[in-house]
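Asks: Got a structure here, written out as structure tokens. Questions coming.
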Amino acid sequence: MGGKVTCTLGEVKQRADFIVYWGGNPAECHPRHFTKYTIMQKSRFLPRGRKDRTMVLVDIRETKSAKAADTFLQVKPGKDFELITILRAMIKDQRVTDAQIEDTGMTREVLDKLVDQMKNCKFGCMFFGMGLSMTRGKHMNSAALLTLAAELNAFTKFVAMPMRGHGNVTGADVIMRWQTGYPFGITFNRGYPRYNPGEFSTVDVLVRGDCDAAFIIGADPGATMPQPAIDHLKRIPTICLDPHITHTSKLARVHITTAPQGIAAPGTAYRMDELPLPLKPALKSPYPTDEEVVRRINEELQKKPFWMPEGAPLTMTAHG
Amino acid sequence: MTLQVVNNATCTFCGCVCDDIQLHHDEVRIHEARKACVLGTAWFLNHTAEKKYPVALVDGKEATLDEAIEAAAHHLHEADMPLVYGMSNTTCEAQKECAALADQLGGLLDSHTSL
Ligand code: SF4
């Protein structure tokens, strides 16, 4: 998501007096988000902490996070994009009908207040979770929210940030962007990286049965993917690296036990605001690290002939 | 027994990546993760330095690390369109090696983000 209007959590902690969580449940999924980075922190600019900050939660159901919020807005399922679009219109005083507002589960009164709060805060931040980015509209929802944040900068300082999930997924995005220019859904089958989610994203590749071997690391698709994808992993040679014997290990031809990151394996992990942090492993594992195992597989592969014959063209011509 | 203390350890369980955790351990397991939340505490206390699992399994049988690495390289090299997937629960250093792996295989590279 290049070009997004965002900041670090440090800035949020110091300055954000208006915080929106959209489609996320930090109280249960990111338990220290409130206390460490957002509403509970006191800072030089917001000395009274919680009293100086306003929090709005937008979600399809009232989760535990609603208790922490000043305002809870219950959006109708699948209507996030419409609601964001209405807000984009309302901040610019464009005409929106009551029927359009009702269709999202809101009232004009509630939205007028929200728009007022958004425009009149000193530093606003919208955090969006999987309830926004993984439901109807998907990345179009995220794009709309990021646009809303950008447009609010005509009135005040406003940013948006995804609430990234478990582990070092943010790191995976950053590393792939750095190494290939793209964040995910990449193929090297022409000798250079190409990007096309839907074609090269794993679920699609597996369900269609496109790949003929799989190397799985730091994930357990055998437990989380749709059944046709799991069936394909069983058909092809699957290699799995994990600190535990997982569902994927059980269907894999090769499983290698590795040291858990941050506990027994050193290295770096990215926080959701794309800040890299060093890991401080406390234990010494009897197993090798992921890094070491993948490097050794790479070295082993270098001894074998390269997949593309020498002198072969790097691009496919129109004749194939 | 006195436990060893690691200050400002980093929790990678969720995207908050809290880097202020105090770990109390006896080199085998972590007994206490101060400042961590419920999820983080479970994450730290559930991983130990014990040798609970075989080093590697090849076709369901216990194997040495060398054998497993050789088998992995063999399967990946044989394939026409290998897939490198995951990278959520691993370090950036390992992720970089994974990008190199997909590159030299001419394969697919993807993470949890695409779901
Ligand atoms: S301590 Fe809790 S909030 Fe912090 S990174 Fe770990 S799981 Fe997330």
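The values are calculated or read from the model by the stated rules, or taken from the named source; none is laboratory data. Bear in mind the structure is a predicted one, so any value in this text is a computation, not a measurement. Please note: Cβ atoms are built from the backbone with ideal geometry, for glycine as well, and neighbour counts cover all protein chains shown. Areas reflect the complete protein model, heavy atoms only, side chains present, ligands, DNA and RNA absent. Shrake-Rupley method; radii C 1.70, N 1.55, O 1.52, S 1.80 Å.
Asks: So in the stretch B:2-29, with the set limited to residues that are away from the ligand (no atom under 13 Å from the Cβ) and under 13 Å from B:Leu45 (Cα atoms), which one is least open to solvent (accessible area, probe 1.4 Å)?
Replies: Within the stretch B:2-29, the first condition is being away from the ligand (no atom under 13 Å from the Cβ), and the residues that meet it are B:2-7, B:24-29.
Filter once more, so that each one left must be under 13 Å from B:Leu45 (Cα atoms): B:24-29.
Values: B:His24: 23, B:His25: 7, B:Asp26: 43, B:Glu27: 106, B:Val28: 63, B:Arg29: 88 Å².
Result: B:His25.
Asks: Considering every residue within the stretch B:46-63, establish whether at least one is within 16 Å of the ligand (Cβ to nearest atom), open to solvent by 60 Å² or more (accessible area, probe 1.4 Å) and out of contact with any Phe, Trp or Tyr (no Cβ under 7 Å at 6 or more places or on another chain). Write out each step before concluding.
Replies: Pass one, the stretch B:46-63, residues within 16 Å of the ligand (Cβ to nearest atom): B:46-47.
Narrowing further to those that are open to solvent by 60 Å² or more (accessible area, probe 1.4 Å): B:46.
Subset that is out of contact with any Phe, Trp or Tyr (no Cβ under 7 Å at 6 or more places or on another chain): B:46.
Yes - at least one qualifying residue is present in the stretch B:46-63.
Asks: Next question, about the same structure. Which members of the stretch A:64-78 meet the condition of being in a loop (DSSP other than H, G, I, E, B) and open to solvent by 40 Å² or more (accessible area, probe 1.4 Å)? Before the answer, list the steps.
Replies: First pass over the stretch A:64-78, keeping only residues in a loop (DSSP other than H, G, I, E, B): A:69-70, A:75-78.
Matches in the stretch A:64-78: A:Asp70, A:Lys76, A:Pro77.
One line per residue, one yes/no per condition, for (1) in a strand (DSSP E or B); (2) in contact with a Cys (Cβ under 8 Å, 6 or more places away or on another chain); (3) among the polar types (S, T, N, Q):
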| site | (1), (2), (3) |
| --- | --- |
| B:Asn7 | yes, no, yes |
| B:Leu23 | yes, no, no |
| B:Trp43 | no, yes, no |
| B:Lys52 | no, no, no |
| B:Glu62 | yes, no, no |
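Asks: Determine which member of the set B:Ala33, B:Ala79 is small (Gly, Ala, Ser), more than 24 Å from A:Ala229 (Cβ to Cβ) and either open to solvent by less than 50 Å² (accessible area, probe 1.4 Å) or within 7 Å of another protein chain (Cβ to nearest Cβ) (or both).
Replies: Working: B:Ala79 fails: more than 24 Å from A:Ala229 (Cβ to Cβ).
Among B:Ala33, B:Ala79, only B:Ala33 is small (Gly, Ala, Ser), more than 24 Å from A:Ala229 (Cβ to Cβ) and either open to solvent by less than 50 Å² (accessible area, probe 1.4 Å) or within 7 Å of another protein chain (Cβ to nearest Cβ) (or both).
Asks: May I ask you to verify whether A:Asn120 is loosely packed, with under 13 Cβ neighbours inside 10 Å and polar (S, T, N, Q)?
Replies: Values: loosely packed, with under 13 Cβ neighbours inside 10 Å: yes; polar (S, T, N, Q): yes.
Taking the combined requirement at face value, the residue satisfies it.
Asks: Name the pairs: first residue in the stretch B:101-115 and facing another protein chain (nearest Cβ under 7 Å), second residue surrounded by fewer than 19 Cβ atoms within 10 Å (Cβ to Cβ) and of a type in the set (Val, Ile, Thr), Cβ to Cβ under 9 Å, at least 6 apart or on different chains?
Replies: B:His112/A:Thr224; B:Ser114/A:Val203; B:Leu115/A:Val203; B:Leu115/A:Thr224
Asks: When the stretch A:79-106 is examined, which residues are found to be surrounded by fewer than 13 Cβ atoms within 10 Å (Cβ to Cβ) and part of a loop (DSSP other than H, G, I, E, B)?
Replies: So in the stretch A:79-106, the residues surrounded by fewer than 13 Cβ atoms within 10 Å (Cβ to Cβ) come out as A:92-95, A:97-99, A:102.
Answer for the stretch A:79-106, where residues must be surrounded by fewer than 13 Cβ atoms within 10 Å (Cβ to Cβ) and part of a loop (DSSP other than H, G, I, E, B): A:Lys92, A:Asp93, A:Gln94, A:Arg95, A:Thr97.
Asks: Among the residues of the stretch A:275-314 satisfying the criterion of being among the basic types (Lys, Arg), within 7 Å of chain B (Cβ to nearest Cβ) and assigned to a loop (DSSP other than H, G, I, E, B), which is nearest to B:His74 (Cα to Cα)?
Replies: Step one: of the stretch A:275-314, the residues among the basic types (Lys, Arg) are A:280, A:284, A:295-296, A:303-304.
Still in the list and also within 7 Å of chain B (Cβ to nearest Cβ): A:280, A:284, A:295-296, A:304.
Imposing the further condition that a residue be assigned to a loop (DSSP other than H, G, I, E, B) reduces the set to A:280, A:284, A:304.
Numbers: A:Lys280: 34, A:Lys284: 30, A:Lys304: 9 Å.
Selected residue: A:Lys304.
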